[in-house]
1. If each of Ile22 and Ala56 carries a label point 7 Å out from its Cα toward its Cβ, how far apart are those two points in nm?
2. For segment 11-71, what's the relative contact order in percent, using C-alpha pairs closer than 8 Å and at least 6 residues apart?
3. So, with a 1.4 angstrom probe, what is the percent of accessible area on the chain that is carbon and sulfur?
4. Can you tell me the 0 to 90 degree angle between the C-alpha axis of helix 46-86 and the longest principal axis of the chain, rounded to 10?
5. Relative to the first principal axis of the alpha-carbon coordinates of the chain, what is the inclination of helix 2-39, with its axis defined by its Cα atoms, in degrees from 0 to 90 and to the nearest 10?
6. Please give the contour-minus-distance gain from Ile29 to Tyr72: 0.36 nm per residue of separation, less the Cα-Cα distance, rounded to one decimal in nm.
7. Along Cα→Cβ, 7 Å out, is where each label goes; now give me the distance between the ones at Asn45 and Ser11 in nm to one decimal.
8. Only one of the listed values, [x] 1.02; [y] 1.19; [z] 1.61, was derived from the coordinates as Cα Rg over 2.2 N^0.38 Å; which label is it?
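The values are calculated or read from the model by the stated rules, or taken from the named source; none is laboratory data. Model, not experiment: these values are computed from the prediction. Glycine gets a Cβ as well: all are built from the backbone with ideal geometry, and neighbour counts include every protein chain shown. Side chains included, ligands, DNA and RNA excluded: accessible areas come from the protein's heavy atoms. Shrake-Rupley method; radii C 1.70, N 1.55, O 1.52, S 1.80 Å.
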Amino acid sequence: MIANDARRLASIGTFFIIVGWIAVIYAVIAGIVWWIDLAQREAFNFIEAFAISAAAIGLPIFAAFIIAGFGYGLRLFALDVASRNQQ
């Protein structure tokens, strides 16, 4: 009974991990594309374009790491619950 709940909790944690890392990859790719787009404009130089794009994707990357970290925490908690059940 508890092992099934721990397995379910681990699968929910895995879902959060996958969603978090997909969001990180998406934010990094979007930031790189936006950096390239801004760097090609005459209004910004290379460094200014990097600063603007890095500032814009900082919060989404942080939020994605929080989501992935929550998933890792759920998996660790499920592992702890499963190990207590075996003793």
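1. Between Ile22 and Ala56, the label points sit 2.3 nm apart.
2. Details: 56 pairs, mean separation 36.0, N = 61.
Relative contact order comes out at 59 percent.
3. 73 percent
4. Value to nearest ten degrees: 0.
5. So the helix axis and the longest Cα principal axis differ by about 0 degrees.
6. Length difference between fully extended and current span is 13.1 nm.
7. That separation, rounded to one decimal, is 5.6 nm.
8. Checking each listed value against the structure points to [z].
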